Amino acid sequence: MSEIYEVISMENGSSVKAIISSVNKLEMHWHDQFEILFVLKGSIKVGLEDQVYTLKEEDIIVFNSKEAHSSSKIDRDNIVLALQIEADYYRRYYPLFADMRFICNSATAKEEDQEK
């Protein structure tokens, strides 16, 4: 399966876009923005490169710029907050930001660590 490039339009010159929605199914795709997903209700499956994770309520995951990812519902009634952030926004304050990669996936943490 090939990955689709997603064009994300920011509104009103903003560098951050916030979306609260229910996940049905998004095919494997990538974009230039960093994306943070926070599950507010229910659970979803997230594909990241060649791995699949189950995210439940209060789980969070970060997708780096240009990192292929997908999502699909597990629960019919799920609600997810997606924050999409322009990488250039951070580069103005920290030029080395473009070379950084973030690994944040609370679904991979041990249960006792999640409480922390």
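The values are calculated or read from the model by the stated rules, or taken from the named source; none is laboratory data. Since we're looking at a predicted model, the values are computed, not measured. Quick reminder, even Gly has a Cβ in these numbers, built from the backbone with ideal geometry, and neighbours come from all protein chains shown. Quick note on the areas: whole protein, heavy atoms, side chains included, nothing else; ligands and nucleic acids left out. Shrake-Rupley method; radii C 1.70, N 1.55, O 1.52, S 1.80 Å.
Take the conditions (1) small (Gly, Ala, Ser); (2) open to solvent by 30 Å² or more (accessible area, probe 1.4 Å); (3) under 25 Å from Gly13 (Cβ atoms); (4) in a strand (DSSP E or B); Ala82 misses just one of them, which is (2). Whether any residue in the stretch 36-45 is at positive phi and more than 12 Å from the chain's Cα centre (by Cα) is what I want to check. Taking every residue of the stretch 36-45 in turn, at least one turns out to be at positive phi and more than 12 Å from the chain's Cα centre (by Cα). Answer yes or no: is there a residue in the stretch 42-54 that is part of a loop (DSSP other than H, G, I, E, B) and closer than 15 Å to Ala82 by Cβ. Yes; the residues of the stretch 42-54 include at least one that is part of a loop (DSSP other than H, G, I, E, B) and closer than 15 Å to Ala82 by Cβ.
For the stretch 8-35, filtered to residues that are of a type in the set (A, V, I, L, M) and part of a loop (DSSP other than H, G, I, E, B), the residue that is modelled with the highest pLDDT is Val23. Residues that are of a type in the set (S, T, N, Q) and open to solvent by 60 Å² or more (accessible area, probe 1.4 Å) were ranked within the stretch 1-60; the one that is farthest from Cys104 (Cα to Cα) is Asn12. Among residues that are part of a loop (DSSP other than H, G, I, E, B), surrounded by fewer than 12 Cβ atoms within 10 Å (Cβ to Cβ) and modelled with pLDDT of 90 or more, Glu67 is not included. Of the residues Asn64, Asn78, the single one that is under 20 Å from Glu6 (Cα atoms) and in contact (Cβ under 8 Å) with a residue 12 or more places away in the chain is Asn64. Per the listing Lys25, Lys56, Lys17, the residue uniquely in contact (Cβ under 8 Å) with a residue 60 or more places away in the chain and charged (D, E, K, R) is Lys17.
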